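Working notes, structure below.
The values are calculated or read from the model by the stated rules, or taken from the named source; none is laboratory data. Quick caveat, the model's predicted, so the values are computed rather than measured. Glycine also receives a Cβ, built like all others from the backbone with ideal geometry; neighbour counts cover every protein chain displayed.
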Amino acid sequence: MMSRYIARIAGIPLAALAALALAVPMAQAQTPASGYSQFAGCPSPAEKAGVEVCETTTIYGGNLHIGNKETPITKPITLSGGFGGEGGPFYYNSKGGLTKAKQKVNGGLIGLTGLTWLAEVLGSDALTLYATAELAGQPIITSAEDVTLPLKMHLENSTGVLGSSCYIGSSSSPVMLHLVTGTSGSLTGVAPEYEFLETGILKATGGTFVDGTFKAPAASGCVLKLLGFIPVNIDGVINLASGLPASSGNYTSQKFNLEVTSSELVYP
C-alpha cells in the first residue's frame, strides 16, 4: 500500500486527496520511534484510527508578494500530519498542523499604511511589521508537486498598533495559493529530487513551488491603537496603500523539502 502511495506522490495525480481536510488538533500526542521525530505531528493509531501515512513538508525560503508588498520567507514553515494509505482527510495531533512563523514584511508599518507620521509617534524601532500564514480552509493535494493552500495572513506589530485581528484574507475569502513545480504565470518552479531511504522514508529535497496567478483579497480587522485612544478602523487606509484587493500582480516562490513514511514505522 505504501508503494502505491509513493508512486503517486512523486508526481502522479492524487485524485483521492481532492477532499483533503484538517481535523481538530488532538491532545496527548504519542512519541514517535527513534529516527522518526520529524513525524511527531502525525496521529498515532490510538489518536486516530485509519491513518497509515505520515508526512511533513517544510517551506524554508522564498518570498510572498501580495498587492505591492513583499515578504521574504526567512523562518521555516512546516505542515505535518497524516492520512489514510489511499489518501483522504489530513489529520494532525497537538504537535502538528501548520506552524506559525512570523515573517518580516518589507516596508514595515509605514509601507503598509502610508502613514509616515507613525515614525514620529512610535520611533523607527517600533515600525517593524510581521506577517504570519495561517490556514483558512482545506488544503488540496493533487500530488507532491501540486498543492492548493488556502491561507489568511495575520499582520502584527510588537507595539500592537494594528490590534490583534488584522488579516489579509479570511476563511470566507482566503489567499488561495495553487503551488506547483511547473509553470504558473511568468514563474517556473523546480521539481525536487526523490530518495527512498533505508529507514523507509521517502525524502524529497530542493524543490521550489511557485504561483504567479493567485488573487489577493482585501485586509480587514485592522485598527489604529495609539496612546490608549479609541481604536480607529484603518482597513481602507491599508488597502489603498498596499494595493489591495489585487486580482493580478501577486506571486510567490517557495523552496521546500518533503518527507513521507508509513505510520507503522513511526508508531511500531
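Just one of the listed residues (Gly41, Gly50, Gly67, Gly82) is modelled with pLDDT under 95 and at positive phi, namely Gly50. Taking the criterion of being closer than 24 Å to Leu127 by Cα and modelled with pLDDT of 95 or more, the residues of the range 185-232 that qualify are Ala216, Pro217, Ala218, Ala219, Ser220, Gly221, Cys222. Just one of the numbered conditions (1) under 13 Å from Met153 (Cβ atoms); (2) loosely packed, with under 14 Cβ neighbours inside 10 Å; (3) of a type in the set (Gly, Ala, Ser) is not true of Ser220: (2).
Residue count for the range 176-221 satisfying the condition of being in a loop (DSSP other than H, G, I, E, B) and out of contact with any Lys or Arg (no Cβ under 8 Å at 6 or more places or on another chain): 18. Restricting attention to the range 30-56, the residues being among the hydroxyl-bearing types (Ser, Thr, Tyr), within 22 Å of the chain's Cα centre (by Cα) and surrounded by fewer than 19 Cβ atoms within 10 Å (Cβ to Cβ) number 1.
Okay, residues lined up against (1) under 17 Å from the mean Cα position of the chain (by Cα); (2) over 20 Å from Leu244 (Cβ atoms); (3) buried (at least 16 other Cβ atoms within 10 Å of the Cβ):
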position	(1), (2), (3)
Tyr130	yes, no, yes
Ser143	yes, yes, yes
Ser173	yes, no, yes
Gly206	no, yes, no
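Please specify each residue of the range 106-146 satisfying the condition of being in contact with a Leu (Cβ under 9 Å, 6 or more places away or on another chain) and among the β-branched types (Val, Ile, Thr). If the condition is that a residue be in contact with a Leu (Cβ under 9 Å, 6 or more places away or on another chain) and among the β-branched types (Val, Ile, Thr), then Ile110, Thr113, Val121, Thr128, Thr132, Ile140, Ile141, Thr142 are the ones that fit. Inclusion of Leu155 among residues that are in contact with a helix residue (DSSP H, G or I) (Cβ under 8 Å, 6 or more places away or on another chain) and part of a strand (DSSP E or B) is warranted.
Scan the range 218-242 for residues that are of a type in the set (D, E, K, R) and within 15 Å of Leu118 (Cα to Cα) and report the count. Total meeting the criteria: 1. Looking only at the range 64-96, count every residue that is closer than 19 Å to Gly169 by Cα and not acidic (Asp, Glu) and tell me the total. Final tally of qualifying residues: 10. Give me the pairs: first residue in the range 249-268 and in contact (Cβ under 8 Å) with a residue 60 or more places away in the chain, second residue part of a loop (DSSP other than H, G, I, E, B) and polar (S, T, N, Q), beta-carbon distance under 6 Å, and six or more apart or on different chains, which are they? Close Cβ pairs satisfying both conditions: Tyr267/Ser44. A single member of Ser247, Ser253, Ser242 is surrounded by fewer than 19 Cβ atoms within 10 Å (Cβ to Cβ) and among the polar types (S, T, N, Q), and it is Ser247.
Where residues in the range 193-204 are of a type outside the set (Gly, Ala, Ser) and touching a residue at least 40 places away in the same chain (Cβ under 8 Å), which of them is farthest from Ser242 (Cα to Cα)? Checked the range 193-204; the qualifying residue farthest from Ser242 (Cα to Cα) is Thr199.
Consider the range 247-268 and keep the residues that are part of a strand (DSSP E or B) and among the β-branched types (Val, Ile, Thr). The one that is farthest from Ala46 (Cα to Cα) is Thr252. In a loop (DSSP other than H, G, I, E, B) and at pLDDT 95 or above: does that describe Leu244? Yes; evaluated as a whole, the condition is true for this residue. Among the candidates Glu70, Glu120, which residue alone is in contact with a strand residue (DSSP E or B) (Cβ under 8 Å, 6 or more places away or on another chain), closer than 24 Å to Ala241 by Cβ and surrounded by fewer than 18 Cβ atoms within 10 Å (Cβ to Cβ)? Checking each option against the conditions leaves just Glu70. Take the conditions buried (at least 20 other Cβ atoms within 10 Å of the Cβ) and under 30 Å from Leu162 (Cα atoms) and apply them to Ile59. Does it pass? Answer is yes for this residue.
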